[in-house]
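K.L.:
One structure is given below, represented as structure tokens, and several questions about it will come after.
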């Protein structure tokens, strides 16, 4: 008698969002973030770490959604939501951007502007 193997639930059902910064936006972030001391010391270091994280997640079967960050927009979002500009706020901002983009791509979705 063969044992049936259950397929694991596919990890790609929900994408993992990764904040992505240009060199210029990274420099601005380093100046305005409330947790600047916890950020990578250089853009090159951050970029290497971010690329490695994206690669490892993809190799583990996760869908990765890159979210280009405009720090001015992020800062405004933090102010509007009475949040410090820290890692938790950056994560929540990325998640909101992903949700907004999914809504916009949904068939029949109306422009919310």
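K.L.:
What number of residues within the range 1-40 are exposed (fewer than 10 other Cβ atoms within 10 Å of the Cβ) and either modelled with pLDDT of 95 or more or under 24 Å from residue 83 (Cβ atoms) (or both)?
P.N.:
3
K.L.:
Restricting to the range 60-101, and then to whatever is outside any helix (DSSP H, G or I) and in contact with a strand residue (DSSP E or B) (Cβ under 6 Å, 6 or more places away or on another chain), can you tell me which residue is farthest from residue 39 (Cα to Cα)?
P.N.:
62
The values are calculated or read from the model by the stated rules, or taken from the named source; none is laboratory data. Only a predicted model underlies this, so the values are computations on that prediction, with no experimental measurement involved. Positions of Cβ are backbone-derived with ideal geometry, glycine not excepted, and every protein chain shown enters the neighbour counts.
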